[in-house]
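The structure appears below as structure tokens.
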Amino acid sequence: MIIDKRDICALLDAIGRDEQVYVPGSVAGVTQFVEHEPGVEPLLDVRTTKVPPKELLFPKAERLYRWKTHEGHLSIEQADVASRPFTVFGMRPCDVASVERLDQVFLTKGYVDEFYQARRQAATLVALACERTDPTCFCDSMGGSPTRAPGADVVLRDRGDSYRAQAQTERGQRALDAWRAAAPDAVRDDEPGEAPDAGDDARVTCSLTVDMDGVAQAMPGLYESPMWDDIADTCVTCGTCTFVCPTCYCFDISQDTRAAEGSRYRCWDSCMFVTYTQMAGGHNPRADKAPRVRQRFMHKLSYFFDRYGENLCVGCGRCIADCPAGVDITRVIDRVGAEAAAMRGEVAVDG
Amino acid sequence: MTANLTQQIRDRARDLLQSGTVSCFIAWEPARFEHWRTPVTIESPDEVDRIVVDEWCDQLIAKYALQRRGDGRIGMVARGCESRAVERLVADRQVSRQDVYLVGVGCTGMLDRDGGAPLKKCEECQRRNPVTYDEMVGETVEEPRPYRFGEVDRIESMEPEQRRAFFDRMFSQCAMCFACRNVCPACNCRSCFADAERVGWLEKDFGLDASRYWGLMRAFHTGDRCIECGECERACPMGLPLMTLMHKQVRDIDRLFGPYEGGGLSDAGPDPLRSYRTDDVEEFM
């Protein structure tokens, strides 16, 4: 299916009549996924939005249940887990890859998170393949590709004045059928005989590359390495990297208590925060910065790999761009590689 | 900043480390991309060639001294902002002045690593030269003392509803990442109220009430100690115009209790919001 760029807004208006559509937009200068408003052009030229689309599936805060006591009787009201169908339009391949990681966490290994599952099943993911990359992009070093988004229901590819939409799942095919029905003037069929475009890893590449070979395996051996003290020296342990990360999924459960009623909710947490591992008795196993910094990189690059066979970093580069102290996960990866080589007794040779 | 400043600082850092005057030296080193810098703490004279000091050193490094307390004297490069931060830390009893050794440099302002435009915090800077130092490298620079209350004027001229909307919109984008606090030299509490174990001091629901409460509490708590370095605003990943609240307080303090130029200046006198006089202004009562 072909969609002329000038008709994108009309198509989104039409999809938006039946369900919520989220598109890249800007609020107070912060690029993020926003609900499409009729007539408002989405910012499809933005590559990675400042805020990832993670919260559409895994909200920053989500009520689990409400409670109330009345004349000595406690009543509990479960939160509604149902979600109405919605479309996320214009996700970059790294962000689609991040959803695949979240799926692993919230839907596999015998654990199903019903809140996540309800949103996930309601979501149609429409990817927008990248024609260019940012200097901080390194998805193709992390098992991804700027031009492919295998986890998406539909993938859009830029053809200059138009996008070509291809369904990759049954849900995606149903979406294209629905678009055709809802906005027949905004879409047209592919040119006759036009072959499916599966993306081309060689056509668009990231200038930033890292060598991930052996990194996940080497990291446990570097648990006591002084490199974590060095990185922690620079890190200010704010939560920026974890909150702009499309795959960081750690949460806390907190409560809002008002006299005889209240609610419990889960909310994003950050392993960078000192409170993250604070225990009731006062002990904190990660009271110092270095163990917290180590935990984040261990989780991204080793622990998750052990459990799921993939890295928890998709190479979107947001943490690199936004870290106020200039901490850079790709430099950490380089350092892990160098330390591991040194431990194996290999001598690094320049040139 | 002069072209050979990096070399001069490296030479001084090497001497200071070699002679044992300092146990470490805080500066910047190049990061992965051209014009990107990251703070570095050098401990060995053999490592000083990692240091770079130029117009791309966007982070304020003074607060890194706190994590080196007790290890011996801490050396660092001190521009106007670092020197004011040290004054702040000394006034707050976080370090004593002789715990740090300041290699002062006159600063003509930092540039944005991605476009080369002057950083906003530097365009508003009131002290480009260090207000305290142990030695100077290079010449002092002119002090243009630019007007920094333009945004405050604009917000003050708004109708109350408009102003409310401005701040609600601003705080609605807060990520609650606490980068503002963690880079702020005036935020030096050992334990922040936002990290209080008891549930309920600060809601964790990322709602507007929580972020507005956080932002205002932090602004008030640092109000008469803010050194106007602008690091909170630079560090904020969401681009919140946090300095509007700080500049507003500096000017209010000047008008109500003045003369007052801002925190971290040796000649600023007692901190105005934490000293009490019976003839204090009470126009809000």
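If you count only protein heavy atoms and use a 1.4 Å probe, how large is the accessible surface of B:Glu159, to the nearest 10 Å²?
110
Could you state the accessible area per residue of the protein assembly as shown in Å², with a 1.4 Å probe and every protein chain left in place? Walk me through the numbers on the way to the answer.
Details: 29230 Å² over 636 residues.
I get 46 Å² per residue for this part.
Residues of the stretch A:24-59 losing 40 Å² or more of accessible surface, assembly versus chain alone, probe 1.4 Å, please list them.
A:Ala28, A:Val30
If DNA, RNA and ligands are ignored and the probe is 1.4 Å, what is the ranking of B:Ser44, B:Ser157 by accessible area, most exposed first?
Working: B:Ser44 40, B:Ser157 90 Å².
From most accessible down to least: B:Ser157, B:Ser44.
Mind running the shape call on the stretch B:150-274? Use the C-alpha gyration tensor, a ≥ b ≥ c as the square roots of the eigenvalues: rounded below 1.5 for a/c, prolate if a/b tops b/c, oblate otherwise.
Verdict is oblate for the stretch B:150-274.
Within the set of other residues whose C-beta is less than 13 Å from the C-beta of B:Cys187, count the net charge using Lys and Arg as +1 and Asp and Glu as -1. Before the final figure, lay out the partial values.
Numbers: positive: B:Lys63, B:Arg88, B:Arg181, B:Arg190, B:Arg218, B:Arg225; negative: B:Asp92, B:Asp195, B:Glu231.
Value of the local net charge: +3.
Using a 1.4 angstrom probe on heavy atoms only, work out the carbon and sulfur share of the accessible area of the stretch A:82-189 in %. It would help to have the intermediate numbers written out before the result.
Working: 2020 of 4400 Å².
Accessible surface attributable to carbon and sulfur in the stretch A:82-189 totals 46 percent.
Sort the stretch B:5-136 into rounded, prolate or oblate with this rule: let a ≥ b ≥ c be the square roots of the eigenvalues of the Cα gyration tensor; rounded if a/c is under 1.5, and if a/c is not under 1.5, prolate when a/b is larger than b/c, oblate otherwise.
oblate
What does the extension gain come out to for A:Ala260 and A:Ala342, with contour length at 0.36 nm per residue minus their alpha carbon separation? Please list the in-between numbers first.
On the way: separation 82, 0.36 × 82 = 29.52 nm, distance 6.11 nm.
Working it through step by step, the gained length comes to 23.4 nm.
Among the lysines, select those whose C-alpha is under 16 Å from the C-alpha of A:Lys50, and discard any that sit fewer than 8 residues away in the same chain.
Answer for A:Lys50, where 16 Å is the Cα cut-off: A:Lys60, listed by chain and number.
State, to one decimal in nm, how far the label point of A:Val81 lies from the label point of B:Asp11, with both points 7 Å from Cα in the Cβ direction.
Spacing of the two 7 Å Cα→Cβ label points: 7.0 nm.
Of all the accessible heavy-atom surface of the stretch A:215-343, with the other protein chains kept in place and a 1.4 Å probe, what percent is carbon and sulfur?
For the stretch A:215-343, the apolar C and S fraction of the accessible surface comes to 52 percent.
Could you give the length gained on full extension between B:Asp71 and B:Glu142, defined as 0.36 nm per residue of separation minus the Cα-Cα distance, in nm?
On the way: separation 71, 0.36 × 71 = 25.56 nm, distance 3.56 nm.
Full extension from B:Asp71 to B:Glu142 adds 22.0 nm.
Could you rank B:Glu197, B:Glu261, B:Glu82, B:Glu87 by how accessible they are, 1.4 Å probe, largest area first?
B:Glu197, B:Glu261, B:Glu87, B:Glu82
Percentage of Cα-Cα pair distances in the stretch A:215-343 greater than 20 Å, rounded to whole percent?
49
For the stretch B:222-244, list whatever residues lose no less than 50 Å² of accessible surface once every protein chain is in place, relative to that chain by itself, with the probe at 1.4 Å.
B:Pro237, B:Met238
Order the following by accessible area, largest value first: A:Val34, B:Val105. Probe radius 1.4 Å; ligands, DNA and RNA are ignored.
A:Val34, B:Val105
From Cα coordinates alone, what are the radius of gyration and Dmax values for chain A in angstrom?
Final numbers for Rg and Dmax: 22.3, 79 Å.
What FRET efficiency do you get for A:Val274 and A:Ile253 if R0 is 22 Å and r is their Cβ-Cβ distance, rounded to the nearest 0.05? Before the final figure, lay out each step's value.
Values: r = 18 Å, r/R0 = 0.82.
Here the calculated transfer efficiency is 0.75.
I want to check the label-to-label distance for A:Asp201 and B:Glu282. Put each point 7 Å from Cα in the C-beta direction and report it in nm to one decimal.
A separation of 7.5 nm, rounded to one decimal place.
Using a 1.4 Å probe on the heavy atoms of the protein chains only, list every residue of the stretch B:4-36 that has 50 Å² or more less accessible area in the complete assembly than in its chain alone.
Output list: B:Arg32, B:Phe33.
Simple spin-label model, 7 Å along Cα-to-Cβ: A:Tyr303 to A:Lys5 in nm?
For the pair A:Tyr303/A:Lys5, the computed spacing is 4.4 nm.
Give the accessible area for B:Glu43 in Å² (nearest 10); use a 1.4 Å probe, count only protein heavy atoms, and leave out ligands, DNA and RNA.
110
Go ahead and run the numbers for FRET between A:Thr108 and B:Ala165, Cβ-Cβ distance against an R0 of 45 Å, rounding to 0.05.
E(calc), rounded to 0.05, equals 0.55.
What is the average number of partner chain Cβ atoms found within 10 Å of a Cβ in A:326-332?
Details: counts 14, 3, 5, 0, 1, 3, 0.
Going residue by residue through A:326-332 and averaging, the value is 4.
When the chain is fully extended, how far beyond the present Cα-Cα distance does B:Gln18 get from B:Arg274, taking 0.36 nm per residue of separation? Spell out each step's value before the answer.
Values: separation 256, 0.36 × 256 = 92.16 nm, distance 4.22 nm.
Contour length minus the Cα-Cα distance gives 87.9 nm.
Per the Cauchy relation, a quarter of the hull surface: what is the mean projected area of the convex hull of the alpha carbons in the protein assembly as shown, in nm²?
Over all viewing directions, the protein assembly as shown projects a mean Cα-hull area of 34.5 nm².
In square angstrom and rounded to 100, what buried accessible area do you get between chains A and B, total over both, with the probe at 1.4 Å?
Summing both chains' loss of accessible area gives about 3200 Å².
The values are calculated or read from the model by the stated rules, or taken from the named source; none is laboratory data. All values reported here derive from a predicted model rather than from experimental measurement. Cβ coordinates were reconstructed from backbone atoms using ideal geometry, including for glycine residues, and neighbour counts include every protein chain displayed. We work out accessible area using only protein heavy atoms, side chains counted, and drop any ligands, DNA or RNA first. Shrake-Rupley method; radii C 1.70, N 1.55, O 1.52, S 1.80 Å.
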